[in-house]
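The values are calculated or read from the model by the stated rules, or taken from the named source; none is laboratory data. Predicted model, so just to flag it, every value in this text is computed and none were measured. Here the Cβ is made from the backbone with ideal geometry for all residues, glycine too, and neighbour counts use every protein chain on show.
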Amino acid sequence: MAIKTILCIEDDRFIGEMYVRSLKKAGYDIDWVVDGNDGLIAARNKPYDVILLDVMLPERCGTDILEALRGKEDLIPNTHVIVLTNFQQDEESQLAMEKHADAYLIKAEITPKKLISVIEKLEDK
Amino acid sequence: MEIKKVPRLASQFWPDFLKRKLTLIILMQIIISAAIGAVLVQAGIFTVDSVELWIIVGGFFVIQLGVNILIFISTASPTKDLIAAIINVAGEQPKLPLPNPNTSKNEKTGFRDALNVIYELSSGSGQVELKESDNTPRITAALSALDMTLCGFIAFDKNRKIVYSNKSAPVHKNSDGEKSVELLFNGADTFDSWLEHCKENSVHDEHIWYRIPDRLPNEEGRRFFDVIASYEKGTTVETVMTLIDRTSKYSVDEEDLDFISFAAHELRGPITVIRGYLDVLEDELSDVLQGDQSELFHRLIVSSNRLSGYIDNILNTSRYDRRHLKMDLAEDTVAAIYDTISDDMKLRAGAQNRLLTVKFPDDLPTIAADRASISEVFGNLIDNALKYSNEGGLVNVSAKVSGDFVDVSVVDNGIGMPENVVSQLFQKFYRSHRSRETIAGTGIGLYISKAIVESHGGTITVRSEDGKGSTFTVSLPIYSTVADKLKAGNNSNEGLIGEGNGWIKNHSMYRG
């Protein structure tokens, strides 16, 4: 599946801008929102190919967003979800998120270049 | 004929009883036969010297005696069994075979229950009942004393019902008045599973769990306990649970862990941006940088990578010390694991003007490893070797099979260590004599590396010579030798570290 559209839900301005800049350069269409509520609305309103989801977010945390999107029924069956966090969650929360996500990555370990290679790998899946 | 005197020993009773009853039966039969003979003679049917009379009387005697003895044996057999059971319970030398209550006959007649009562009484419960009234004041005092202590006590009967719990015990009563224990055990090692195991396999057993909470995080009044359970088969109170309240100790740990998690989150934010833009700019500026600028740029990258690694070390050490570090072991190759840090290591070696050679044999068997954790170990060892090498020094990384393990060695020709330093090397916050002044570091890299390797069921060893260099060797189990254990344990390493690695006795790293 060709990946074109990406939604980035990220409250840290520097990190958000960095992803937007790099992914745009790499040829993707990227929308960026900074709070959890807006993120959930955006994810439900438009069928994105990939959602980059932070965990610690204002208004609504990433765990809740993922639960709302994929908890009871999968509202976004054609979307890949990449959880990106710097927060060391407890084991249960992490496993719960991994279950509904395509990747669970520590932001500090993932440079934009590596993120693009992860997205390209999803494309081949 | 009645027995007037109680025998001194229960075992004496049966032979005496048997002797008297048999004598009685024989005497009775002689008297009855003689009486019948006398009646026949008196009636004039036979004369005293007629052969027929003796045949009839003698035959009657023999048949009656046989029938009576058979009836006696069958009516006396329960008495015999009861006596045998009592002899056994009294602890006397058993002169009678021990009756089995579970024969089909005993089951049908209900005699089984009678025998079981005797066996159950022998297990001590009878004594408790008998003495209870004498001890009532003492028991009341003991119970109120138990309610004053901070320790919890819970007693279970053989059906696992709570028969007693004191005030401090974390026990919940439902609307029907039924009590249940409120404890959140971690993983498969629960009280119930232990009890199940005891019922099947043990007569006496004891087990201890550490830092078991009674509620979820963020719930009001959450307490932490060290739990000790004792099991004794066949007693009225089969299982006793003793709970030591460690809330004051462990909840501080929890807060610390929270603090470190949040601190790491804060620190990782800026590092994400620094590493991210350095990575992007390295490409974009490659044509613009002049002279030593690109070398300086590499130093920025190396330093930010190191910073990121140190934060991981701190976070993992904190999790390890609180038994929260999780390992997810999978089949992997040494080369693939090293590959994830290869670029970073090359860059670090180059930036410090060291020569790093890495060579792994192609036919090396796969190992059981948590990739992220083992790459952290390799990174720590290589980073140390680079730091403690001299200018232009060589660091060599290699691997070979050794028994059931793959040995990965990191060899440097650097400053080395004297023997007294080597023994303390894996302690937390230990920094060697020289490094304190000259080389940066936190002193937890080797500590967490050892913890990670040993939780894989492996070992980490070091050989060093002062002034000549050091060799660190990590031995990790070959995947095929542990595959079965891993599959049984759902890829956690519990099966691996349960195997005689004494060091981990107080640690169970897989609790979330």
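Restricting attention to segment B:82-127, the residues being under 15 Å from B:Phe13 (Cβ atoms) and at pLDDT below 75 number 8.
Of all the residues in segment B:190-215, those that are farther than 25 Å from B:Leu150 by Cα and surrounded by 13 or more Cβ atoms within 10 Å (Cβ to Cβ) number 4. Among the residues of segment A:1-29 satisfying the criterion of being part of a helix (DSSP H, G or I) and of a type in the set (Gly, Ala, Ser), which is farthest from the chain's Cα centre (by Cα)? The residue in question is A:Ser22. B:Ile45 meets the conditions (1) in a helix (DSSP H, G or I); (2) without any contact (Cβ under 8 Å) to a residue 24 or more places away in the chain; (3) among the hydrophobic types (A, V, I, L, M, F, W, C) in every case but one. The failed one is (1).
Residues of segment B:269-306 that are of a type in the set (Val, Ile, Thr), at the interface with chain A (Cβ under 10 Å from one of its Cβ atoms) and over 49 Å from the mean Cα position of the chain (by Cα): B:Val280 alone.
Filtering segment A:1-31 to residues that are away from every other protein chain (no Cβ under 14 Å), closer than 20 Å to A:Glu120 by Cβ and not charged (D, E, K, R) leaves A:Met1, A:Ala2, A:Ile3, A:Thr5, A:Ile6, A:Leu7, A:Gly27, A:Tyr28, A:Ile30. The set of residues in segment A:107-118 being crowded, with 17+ Cβ neighbours inside 10 Å and either assigned to a strand (DSSP E or B) or facing chain B (nearest Cβ under 9 Å) (or both) consists of A:Lys107, A:Ala108, A:Glu109, A:Ile110, A:Thr111, A:Pro112, A:Leu115. Scanning segment B:216-232 for residues that are more than 18 Å from B:Leu150 (Cα to Cα) and either surrounded by 15 or more Cβ atoms within 10 Å (Cβ to Cβ) or of a type in the set (Val, Ile, Thr) (or both) yields B:Ser230, B:Tyr231, B:Glu232. Within segment A:39-63, being surrounded by fewer than 16 Cβ atoms within 10 Å (Cβ to Cβ) and either among the acidic types (Asp, Glu) or assigned to a strand (DSSP E or B) (or both) holds for one residue alone: A:Glu59.
Every residue, every condition in (1) modelled with pLDDT of 90 or more; (2) on the phi > 0 side of the Ramachandran plot; (3) assigned to a strand (DSSP E or B), yes or no:
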{"residue": "B:Trp209", "(1), (2), (3)": "no, no, yes"}
{"residue": "B:Ile212", "(1), (2), (3)": "no, no, yes"}
{"residue": "B:Arg215", "(1), (2), (3)": "no, no, no"}
{"residue": "B:Asn218", "(1), (2), (3)": "no, yes, no"}
{"residue": "B:Arg222", "(1), (2), (3)": "no, no, no"}
{"residue": "B:Ala229", "(1), (2), (3)": "yes, no, yes"}
{"residue": "B:Val237", "(1), (2), (3)": "no, no, no"}
{"residue": "B:Val240", "(1), (2), (3)": "yes, no, yes"}
{"residue": "B:Ile244", "(1), (2), (3)": "yes, no, yes"}
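Looking across A:Glu98, A:Glu67, A:Glu92, one residue alone is at pLDDT below 85, closer than 25 Å to B:Asn186 by Cα, under 14 Å from the mean Cα position of the chain (by Cα) and of a type outside the set (A, V, I, L, M). It is A:Glu98.
Exactly one residue out of B:Ser175, B:Ser180, B:Ser193 is outside any loop (DSSP other than H, G, I, E, B), among the hydroxyl-bearing types (Ser, Thr, Tyr) and under 29 Å from B:Ala142 (Cα atoms), and it is B:Ser180. Inspect segment A:35-46 for any residue being at the interface with another protein chain (Cβ under 10 Å from one of its Cβ atoms) and over 14 Å from the mean Cα position of the chain (by Cα) and give the result as yes or no. Looking for residues that are at the interface with another protein chain (Cβ under 10 Å from one of its Cβ atoms) and over 14 Å from the mean Cα position of the chain (by Cα), one finds none in segment A:35-46, hence no. Being of a type in the set (D, E, K, R), in a helix (DSSP H, G or I) and within 14 Å of B:Ile452 (Cα to Cα) is not true of B:Asp328.
Could you tell me whether any residue of segment B:197-206 is assigned to a loop (DSSP other than H, G, I, E, B), free of Cβ contacts under 8 Å to residues at least 24 places away in the same chain and β-branched (Val, Ile, Thr)? Scanning segment B:197-206, I find no residue that is assigned to a loop (DSSP other than H, G, I, E, B), free of Cβ contacts under 8 Å to residues at least 24 places away in the same chain and β-branched (Val, Ile, Thr), so the answer is no. Tallying residues that are surrounded by fewer than 12 Cβ atoms within 10 Å (Cβ to Cβ) and among the basic types (Lys, Arg) within segment B:163-189 yields 1.
Looking only at residues of segment A:86-106 that are in contact with a Phe, Trp or Tyr (Cβ under 9 Å, 6 or more places away or on another chain), assigned to a helix (DSSP H, G or I) and within 11 Å of another protein chain (Cβ to nearest Cβ), we find that the one that is surrounded by the most Cβ atoms within 10 Å (Cβ to Cβ) is A:Gln94.
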